[in-house]
Amino acid sequence: MENIRLVGERFWIEYISPNAWMNIEATSRQELRDAFVTEVMLKKGVLRGWSQVVLSLCKVIEREMGNVLFTKWINLIQESQFSIPSDASKRLRNRIQSREVAFNTLKSCATPPIHPPTLGQMVFISKFWNDEVMNKCTPLFTTINDKATLSCPNFVQTIQELTQFLDDTHQYNHENPTLVDLRNASAHPGREVDFTWNKHIPWLKALLGKPPKEALRVINKLKVADPNRLS
């Protein structure tokens with residue numbers, strides 16, 4: 001078993017790059033090793049249930065995305081406020097509703113007991129990260145972006161790129177899940193028949209580490225953003 005883990009580690013180091021491997025959380029590295037071992041055991045018929053591999057891969061993205069878009073900025077999130085402009089038209093107020101939900105979700109996660117957003121919440125929030133309507137109601141995201149770009153000049157563009165990748169779907173027969181769909185279904189007992197799990201794993205791996213998406217390398221670019229950097 002230990003030999004398989006070592007093989008798995010070498011696989012992932014090569015697959016996502018040595019730099020990305022060293023910069024993800026230790027828990028994420030363990031999750032990737034475990035996913036590799038589980039996949040080997042499944043192919044040998046020792047284990048059953050491919051959804052566990054899918055869940056492990058999705059949780060790596062969830063953890064790493066939360067690290068760069070939530071944990072690092074938690075003090076700013078906790079201090080932030082949301083206010084609807086008094087002169088907002090009915091049309092604008094309708095558009096504000098989804099932004100307020102995103103903001104309140106982030107704020108709730110930052111309120112003790114602190115818990116990082118789920119993958120679905122993070123993808124939803126990131127869609128408003130550089131949004132004109134959101135910025136009319138709270139300075140939170142412009143403040144984060146201004147601080148982040150001092151050490152990561154392409155911070156905003158990189159988030160937009162990542163959000164687009166994570167919102168893609170993978171088609172297999174009649175199935176067309178997003179990453180969030182796979183994460184949610186694989187985490188809940190009773191949904192084992194929702195997807196043909198093993199057919200989505202190569203797509204998930206490619207999303208994590210292969211061009212054009214290589215999400216873990218993209219996230220790695222965001223990690224240089226320093227919330228304490230002064231202009």
When residues of region 8-47 are limited to those that are among the polar types (S, T, N, Q) and surrounded by 15 or more Cβ atoms within 10 Å (Cβ to Cβ), the one farthest from K213 (Cα to Cα) = T38
Matching residues in region 25-47 - criterion: being of a type in the set (D, E), farther than 11 Å from L57 by Cα and without any contact (Cβ under 8 Å) to a residue 40 or more places away in the chain = none
Among the hydroxyl-bearing types (S, T, Y), over 30 Å from I24 (Cβ atoms) and out of contact with any Lys or Arg (no Cβ under 6 Å at 6 or more places or on another chain): does that describe S80?
-> no
Quick one: what pairs do we get from region 95-115, first residue in contact (Cβ under 8 Å) with a residue 60 or more places away in the chain, second among the acidic types (D, E), C-beta under 7 Å, 6+ apart or different chains?
-> none
Restricting the search to region 205-231, which residues are touching a helix residue (DSSP H, G or I) at 6+ places or on another chain (Cβ under 6 Å) and of a type outside the set (D, E, K, R)?
-> L207, L208, G209, A215, L216, V218, I219, N220, L222, A225, P227
Restricting region 48-91 to residues that are among the basic types (K, R) and free of Cβ contacts under 8 Å to residues at least 60 places away in the same chain, the one surrounded by the most Cβ atoms within 10 Å (Cβ to Cβ) turns out to be R63
Can you name the residue in region 119-169 that is of a type in the set (D, E) and not in a loop (DSSP other than H, G, I, E, B) and is also surrounded by the most Cβ atoms within 10 Å (Cβ to Cβ) among such residues?
-> E161
Do you know which of the residues in region 188-204 that are at pLDDT 95 or above and touching a helix residue (DSSP H, G or I) at 6+ places or on another chain (Cβ under 7 Å) is farthest from A20 (Cα to Cα)?
-> F195
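The values are calculated or read from the model by the stated rules, or taken from the named source; none is laboratory data. Please read all numbers here as calculations on a predicted model, not as lab measurements. Note that we place each Cβ from the backbone using ideal geometry, even for glycine, and neighbour counts take in every protein chain shown.
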